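To start, the structure itself, in structure tokens.
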Amino acid sequence: MRQRAIQIEQIPAILWGNDSNKLYLYVHGKLSSKEAAEGLAEIATEQGYQVLSFDFPEHGARKEETTPFNIQNGVDELMIVHDYIKTRWSKISLFASSVGAYFSLVAYQTCQFEKCLFLSPIVNMERLIQNMMTWTNVTEQELQERHIIPTKIGEVLDYDYYCYVKAHPIVKWDSPTCILYGSKDYLQERQTVQEFTDKFSCKLTVLEGSEHFFHTTEQLEVLEQWTRKNL
């Protein structure tokens, strides 16, 4: 499979596949990288697509960067990438996972994609942050006073992040969207995902017993089948 490294302003990226007017933009989640798009690229290039993946700050080739991986920077970089691809491909689709899906929902509310595939998406970050505060016995007032609070689950509660999320609710999403979700995903309750699905007329597939990260042989087989079916 053809692939080449490119640079989109300061953002390292990979373009997979032969020349085409059809593109899937791959947006990775936390602790992932642009190379994680290989599985999608193997499937999509067979069907005449190219795939573009890139590294967010603190990920992949950018692990040593001081730019933080947060919603503000994520949205800014997604817009940079979109400005790049919208003049080069006529048919653009989106594949995004976990927090990458949430960043995409915020950044691309006014954009129209041919199709969107979301894997274990965070669709309501405000709800997740509130859950994290409950899990760690932190009140909103305490977060406001302390601004940054590390938690025992390895995440950091950030008041500026929380304020940004509250100020940018997901109110518009018109692109046809398919979601693959694990029934034991502790980061986003099934009801929350179902509410998003109902509100924006998405197609939801639930893998019973699976958690947030799809990594077992069975889970990866389901992911491949779901991708092929919905691409």
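The values are calculated or read from the model by the stated rules, or taken from the named source; none is laboratory data. Quick caveat: nothing in here was measured; it's all calculated off a predicted structure. Cβ atoms come from the backbone with ideal geometry, glycine included; neighbour counts cover every protein chain shown. Accessible surface is based on the protein model in full, side chains and every heavy atom, while ligands, DNA and RNA are left aside. Shrake-Rupley method; radii C 1.70, N 1.55, O 1.52, S 1.80 Å.
Of all the residues in the stretch 184-205, those that are touching a Leu at 6+ places or on another chain (Cβ under 7 Å) and part of a loop (DSSP other than H, G, I, E, B) number 2. Any residue that is more than 12 Å from Pro121 (Cα to Cα), surrounded by 12 or more Cβ atoms within 10 Å (Cβ to Cβ) and touching a helix residue (DSSP H, G or I) at 6+ places or on another chain (Cβ under 6 Å) - is there at least one of those in the stretch 197-204? Within the stretch 197-204, not a single residue is more than 12 Å from Pro121 (Cα to Cα), surrounded by 12 or more Cβ atoms within 10 Å (Cβ to Cβ) and touching a helix residue (DSSP H, G or I) at 6+ places or on another chain (Cβ under 6 Å).
Candidates are the residues of the stretch 1-27 that are over 30 Å from Thr66 (Cα atoms) and of a type in the set (S, T, N, Q); the one that is least open to solvent (accessible area, probe 1.4 Å) is Ser20.
With the structure loaded, tell me whether Val81 is out of contact with any helix residue (DSSP H, G or I) (no Cβ under 7 Å at 6 or more places or on another chain), closer than 25 Å to Lys229 by Cβ, modelled with pLDDT of 95 or more and part of a helix (DSSP H, G or I) or whether it fails that test. No. Candidates Tyr161, Tyr102: the one that is crowded, with 20+ Cβ neighbours inside 10 Å, part of a helix (DSSP H, G or I) and under 17 Å from the mean Cα position of the chain (by Cα) is Tyr102.
Pairs meeting the criteria (first residue in the stretch 30-51 and surrounded by fewer than 23 Cβ atoms within 10 Å (Cβ to Cβ), second residue outside any strand (DSSP E or B) and charged (D, E, K, R), beta carbons under 6 Å, at least 6 apart or on different chains) are Ser33/Asp55; Ile43/Arg228. Any residue that is open to solvent by 20 Å² or more (accessible area, probe 1.4 Å), out of contact with any His (no Cβ under 8 Å at 6 or more places or on another chain) and at positive phi - is there at least one of those in the stretch 127-141? Yes, the stretch 127-141 contains a residue that is open to solvent by 20 Å² or more (accessible area, probe 1.4 Å), out of contact with any His (no Cβ under 8 Å at 6 or more places or on another chain) and at positive phi. Taking first residues from the stretch 149-161 that are closer than 16 Å to Asn70 by Cβ and partners that are acidic (Asp, Glu), the Cβ contacts under 8 Å between residues at least 6 apart in sequence or on separate chains come to Ile149/Glu142. Taking the stretch 105-118 on its own, how many of its residues are surrounded by fewer than 24 Cβ atoms within 10 Å (Cβ to Cβ) and under 8 Å from the mean Cα position of the chain (by Cα)? Within the stretch 105-118, residues that are surrounded by fewer than 24 Cβ atoms within 10 Å (Cβ to Cβ) and under 8 Å from the mean Cα position of the chain (by Cα) number 0.
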